[in-house]
Amino acid sequence: KYIITAETGKLDDKEPDLIYMSKVSAKIILLDKNIIYIESLKAKYNNLNYDTKFQDDVKLKFLNHNVVCDNLDISFKEYLLEAYNNLSYKNLDIIMLADKIEIDLLTKKSKIFNFNESKVKIKKENLNGNN
């Protein structure tokens, strides 16, 4: 199930299937009832296939996983979520900077990509507050 809302939406006569949205919130409710929450300043929503391209100050929350990035694309045909550009990932004990994360929406398996190994940065946080 996919629910998307926005403060504003604009249509373009040249691309009638697309809605250009601002101040966007979305929820993907998975088969196991877990929810992926997404927020962004802008999004381009395709009202035929529900594919969405989020951009600008994108935030994703899923369980204890948090992603902040510039872009996030959802393809429902491929059951794929891709987050990229200025991406940071954080969970309970890891902070990581990466180039791209792909999440399979059916299996919930993820792949993390770093195209330039010199840019890889992973910081493990100790639960006691020590790094």
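Contact map, the range 41-53: first residue touching a residue at least 40 places away in the same chain (Cβ under 8 Å), second residue of a type outside the set (Phe, Trp, Tyr) and open to solvent by less than 70 Å² (accessible area, probe 1.4 Å), Cβ cut-off under 6 Å, separation 6 or more or different chains; pairs are TYR45/ILE19; TYR45/MET21; TYR45/THR52; THR52/ALA43; THR52/ILE74. Selection of the range 11-28 for residues being closer than 18 Å to TYR50 by Cβ and open to solvent by 70 Å² or more (accessible area, probe 1.4 Å) yields LEU11, GLU15, PRO16, TYR20, LYS27. Among all residues of the range 39-57, there is none that is within 10 Å of the chain's Cα centre (by Cα) and either modelled with pLDDT under 95 or exposed (fewer than 15 other Cβ atoms within 10 Å of the Cβ) (or both). Within the range 76-101, if we keep just the residues that are of a type in the set (Phe, Trp, Tyr) and under 17 Å from ASP57 (Cα atoms), the residue that is most open to solvent (accessible area, probe 1.4 Å) turns out to be TYR84.
Scanning the range 36-65 for residues that are within 15 Å of LYS109 (Cα to Cα) and either touching a strand residue (DSSP E or B) at 6+ places or on another chain (Cβ under 6 Å) or outside any loop (DSSP other than H, G, I, E, B) (or both) returns ILE36, PHE62, HIS65. Just give me the residues in the range 58-75 being open to solvent by 30 Å² or more (accessible area, probe 1.4 Å) and among the aliphatic types (A, V, I, L, M), in sequence order. The answer is LEU63, VAL68.
The values are calculated or read from the model by the stated rules, or taken from the named source; none is laboratory data. This one's a predicted model, so the numbers in the text were calculated from it and none came from an experiment. No Cβ is skipped: glycine too gets one built from the backbone with ideal geometry, and neighbour counts run over all protein chains shown. For accessibility, only protein heavy atoms count, side chains too; no ligands or nucleic acids. Shrake-Rupley method; radii C 1.70, N 1.55, O 1.52, S 1.80 Å.
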